[in-house]
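The values are calculated or read from the model by the stated rules, or taken from the named source; none is laboratory data. Since the structure is predicted, the reported quantities are computational estimates derived from the model, not experimental observations. So basically every Cβ, Gly included, is an ideal-geometry build from the backbone, and we count neighbours across all protein chains shown.
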Amino acid sequence: MCIRDRLGTHWWNPPHLIPLVEVIKTEWTDEKTMRKTIQLLKGIGKTPVRVEKDVPGFIGNRLQHALWREAISLVENGICDAEAVDTVIKSSFGRRLAVLGPLENADLVGTDLTLDVHENVLHDLDRNQKPSKLLQRLVKEGKLGMKNGEGFKKWKEKDFDKIKHKISIHLKELEKITNCSLYSRGNSILIKSTPEKNEKIKNAIQFLANQFINNGSIENKDILSSVDNFMINEKVKNNNVTDIIKTPKKSIIPRSEKQKSYVRALRESDIVISAGPAGTGKTFLAVAVGLTMLLEKKIERIILSRPAVEAGERLGFLPGDMKEKVDPYLRPLYDSLYDLFDFEKIQRMIEIGDIEIAPLAFMRGRTLKNSFAILDEAQNATDTQIKMFLTRIGENSKIVVNGDPSQIDLPNKSMSGLVRSKELLGHLKEISIVDFDHSDVVRHPLVSKIVKAYSNND
């Protein structure tokens with residue numbers, strides 16, 4: 001062997017489950033050897049990463065042990081117990097780590113915010129150059145973790161059984177829907193089906209894994225969504241992390257290709273007009289994107305509006321102040337807000353004007369600057385009203401118009417402004433038009449069937 005052919009490889013255990021292999025360049029390694037080794041590792045299904053300098057711990061162990069040092073320090077100094085440390089990580093950034101690396105996440109939240117946190121936190125972190133005394137004591141006392149049932153915490157067989165049981169329930173549901181056989185073995189899932197279906201099911205499982213990572217739970221509707229035709233025919237790599245909406249309570253993953261397009265339109269276009277049946281996520285996704293923009297200070301306020309057709313826009317006859325008059329009509333918007341953020345904080349935002357509730361009739365004459373304005377149930381707005389609302393847009397603002405053309409309640413069979421606006425404005429590149437149908441419904445499976453039945457009968 002030529003001296004220039006020498007390099008290091010660091011495999012992670014168990015190697016049949018963990019794809020990473022760190023390829024370490026040394027002073028005796030030439031570029032050709034690095035490339036050949038990386039190609040070889042890719043060819044056997046591994047994920048090779050270049051390490052340009054041979055340093056203790058390479059990349060993975062340095063990152064891992066830096067986290068462990070601070071985690072142990074928190075317990076050792078009585079700030080919290082081991083369970084609290086693990087819960088914080090599993091319930092916060094730990095969920096993101098399988099989707100976003102730490103530097104991707106820093107870019108996502110902004111390097112300015114990352115720097116601000118650094119300036120406030122780094123000086124107080126553990127900088128001990130020697131192993132923790134607590135860790136040394138545990139090893140000395142023979143508390144070796146899962147090896148013998150006790151380390152930083154005590155481990156019981158039932159803890160493992162509980163996790164296996166949850167996995168088993170979801171796999172059985174997926175088996176039923178896909179008509180295949182799934183087996184859970186350790187950290188692996190074996191799929192027994194046709195080669196074509198195997199790939200589709202693998203993608204569905206990856207979607208569910210991402211859902212669990214971001215939200216900490218999987219619901220039956222997630223399983224159904226994972227095997228929708230659009231999802232199982234997509235490559236996992238197309239599940240772009242930028243499509244995920246991260247809110248204080250949960251992360252939202254678009255469940256259809258149309259929902260993905262809608263989320264991208266909400267972020268990129270000045271005006272978005274969407275039409276489709278109930279349950280397709282029009283309102284919820286719009287509120288989620290608006291709330292994240294508000295919390296990230298990209299806008300100054302969210303404006304929620306809706307035509308009050310049922311009351312003939314004569315709100316003065318209803319009891320209470322303006323907010324109390326309009327609230328019943330805006331309940332779906334409120335429900336979305338409370339699902340995404342703490343009730344008390346939403347109430348506070350409403351009180352200080354960060355979130356504004358306004359009937360459509362009261363939008364006339366205004367100019368909306370630094371705002372994210374949502375008009376819900378727009379099928380019940382007239383042509384004139386939609387034109388008035390759209391022309392309120394001002395500097396650094398977005399306007400979203402949502403509605404269901406199949407549920408028009410306008411008197412005297414007046415033409416819906418939503419339908420008219422789609423016809424007139426669809427050619428403008430600054431305006432995005434998104435049409436949903438029954439296949440995009442993400443509520444109870446029966447909703448999709450009901451919508452389809454009524455559509456076929458129209």
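The table for this structure:
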quantity	calculated
Residues located in the range 365-390, provided they are at pLDDT below 90, surrounded by fewer than 18 Cβ atoms within 10 Å (Cβ to Cβ) and polar (S, T, N, Q)	T367, T384
Residue in the range 306-324 that is β-branched (V, I, T), modelled with pLDDT of 60 or more and assigned to a helix (DSSP H, G or I) present	no
Residue tally, condition modelled with pLDDT under 85 and surrounded by fewer than 18 Cβ atoms within 10 Å (Cβ to Cβ), over the range 431-449	8
Selection count, the range 119-148, where residues are farther than 21 Å from N77 by Cα and part of a helix (DSSP H, G or I)	1
Among (1) more than 23 Å from the chain's Cα centre (by Cα); (2) of a type outside the set (A, V, I, L, M, F, W, C); (3) at pLDDT below 85 - the single one E257 does not satisfy	(1)
Helices (runs of 4 or more DSSP H) contained in the range 1-116 and holding at least 1 residues in the same structural domain as L138 (by TED's automatic domain parsing) and more than 29 Å from the chain's Cα centre (by Cα)	60-76
